[in-house]
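Heads up, the thing below is written out as C-alpha cells.
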Amino acid sequence: GPAAPHDASGEQVVTRALTGLAPPARPARRWTPRRVVAVPAALDHPHGRRIVDRVEALGIEVERLRANRLTGVRGDTDRETYARAKSTLAIVVSPPSRRTLQPIAPSADWRVDLAEGCPAHCQYCYLAGSLSGPPVTRVYADLDDILANLAGYVGRGTVTSRRAARVGEGTTFEASCYTDPLALEHLTGSWRRAVEHFGAWDAPVQLRWTTKYADVDTFLGLPHAGRTRVRFSVNAAPVSDRLEGGTATVPERLDALRQLALAGYPVGLTIAPIMPMPGWREHYGELLDRIRATVTGIDRLDLTAELITHRFTPGSKEVLLGWYPRTRLEMDERSRRRKHGRFGAVKYVYPSDVMGDLRAWFDRELAARVPAVRVLYWT
Ligand code: SF4
C-alpha cells in the first residue's frame, strides 16, 4: 500500500542481510565501495591510473588483479551475489563493441558509456532488464579513446535532434544509459573530463546525463560552454521514499539542479518512473511546486523535462524480484497493457485510460506550475 514503511528499501534490506546490524538512519550520499579491483589492461591507460590514484587518495585499497577477468563476486545465493556485486567497483577497459555507438531515442541521438552499473538500490531499476550478470559497477579506463571516438558522430543526428524542442542542441550524446554519473564522479573524475571535452569542442554537440545523486560541487567552475545538460531524476515522495535506496533525496537533487543552473548549465528534469499511486495528483502536485520553488529567480534558465511512466518487461521483473524479493513495487501484468517494443520485445505499461489521465494532468499542471519548462517527450 501507499503507506509502506521506509525500511522496504533494498539498500537497508541488503545491509541487514549482510551484517545483521540495523541500517543507518540515512544512507551514505557518497558511495564508498567495499572492494575496488583494477584489471591489468586498465593500468595501461592514463585515465585508469588516474582513477586508481583518486580511489587510493580516498583511503580505499585497490586490488590489482592478475588477469583481465573479474572473479570473486558470486555469493552462495542471488541476494548475496547482488550485495557483493553492488558493493564492488571494477576499473576495466570498455568492450570494443562500444566504439560503435547506438542511437538512443528519445533521450538523445547517441549513447556513450563511461561506466556500467550503479551503486544505488532502486527497486524498479532500469538496469535490471538490460545488463546481464552480477551488477558490479565497472568504470572505464579508456576514457580518452571513448571521447576521441565521438568526433565521427557529429552531424549524424537521429530522430531527436530534428524535433523542435531540440533545435540548437546539436548532436546529443547520452552518458547515463547504463549508470549514474554523479554516483561515481568522486571515484573517477570521468564526467568532469567529459564536460571539459565537450566545452572545448568546436562543433554543435551536447553531452547529457540523468542522475539521482547531487554531488555537483566539482562541476560548478568548469568551462562547460553550455554543452552539458544535466537532468535530475525526480519523483513524488511515495516513490522516492519507498523505492529508491542509497540515492540523494529529491530535495538534495533539486538543490543540485539549482546550483548547476546558476553556474550556467542547461538543466533538466527526468520525472520517472511516473506511477499512479493513490493520491498521485497531490503527490506529484507537491513535487511540481517544489520544482517551481527550485527554479525561481534563475536568470537565463534553460530547463527541460522528460516524462516517463513506469513499465517493466518479463526479464526485468524476474531480475528485480531476485534482487528485491520483498519489494512493494507493483508489477502485475493483469493491471497493465501489453505493448510490443523494438524487435518485438514485450513490455507492460499502464492501460490507455490511466496513461491518458496521467498525461493530461502533467501537460496541464506542468504548464501552469512550472511555465519555464520545455517538455521533450512523454512515454
Ligand atoms: Fe538503477 Fe538508476 Fe536507481 Fe542506479 S539510480 S539503481 S541505475 S534506477
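Here are a few things to note about the model shown:
- For the chain, share of DSSP beta bridges that run antiparallel, in % to the nearest 5: 20
- The mean sequence distance of close C-alpha pairs (under 8 Å, at least 6 residues apart), as a share of the length of the chain, puts its relative contact order at 16 percent.
- The fraction of Cα-Cα pairs per 20 angstrom bin, counted from 0 for the chain, comes to 28, 61, 11 percent, rounded to whole percents.
- Cross-link partners of LYS317 among lysines (Cα-Cα below 21 Å; sequence separation of 8 or more within a chain): LYS86, LYS339, LYS347
- Range of Cα positions in segment 225-373 per principal axis (Å), largest first: 47, 32, 31
- Mean Kyte hydropathy of -1.0 or more with a Cα span along the axis of at least 24 Å, helices from DSSP in the chain: 352-369
- The length gained on full extension between THR379 and LEU220, counted as 0.36 nm times the residue separation minus their Cα-Cα distance, comes to 54.1 nm.
- Taking 0.890 mPa s as the viscosity and 25 °C as the temperature, the Stokes-Einstein diffusion coefficient of segment 37-96 based on its alpha-carbon Kirkwood radius rounds to 198 µm²/s.
- DSSP-loop trypsin sites (Lys or Arg not before Pro) across segment 56-116, with at most 12 other Cβ within 10 angstrom: ARG66, ARG69
- Mean ellipticity per residue at 222 nm, deg cm²/dmol - from DSSP H runs of n ≥ 4 across the chain, formula -39500 (n - 2.57): -9500 deg cm²/dmol
- Our analysis of segment 156-289 gives Rg over Rh at 0.99, with the two radii drawn from alpha carbon positions and Rh computed by the Kirkwood formula.
- Nitroxide proxy distance, nm - points 7 Å out along Cα→Cβ at ALA263 and ARG369: 2.8
- Subtracting the Cα-Cα distance of TRP361 and MET277 from 0.36 nm times their residue separation leaves 28.8 nm of extension gain.
Taken together, the values in this text are just the output of simple stated rules run on the coordinates, not laboratory data. Just so you know, these numbers come straight off a predicted model, no measurement behind them. Backbone-built Cβ (ideal geometry, glycine too); neighbour counts: all protein chains shown.
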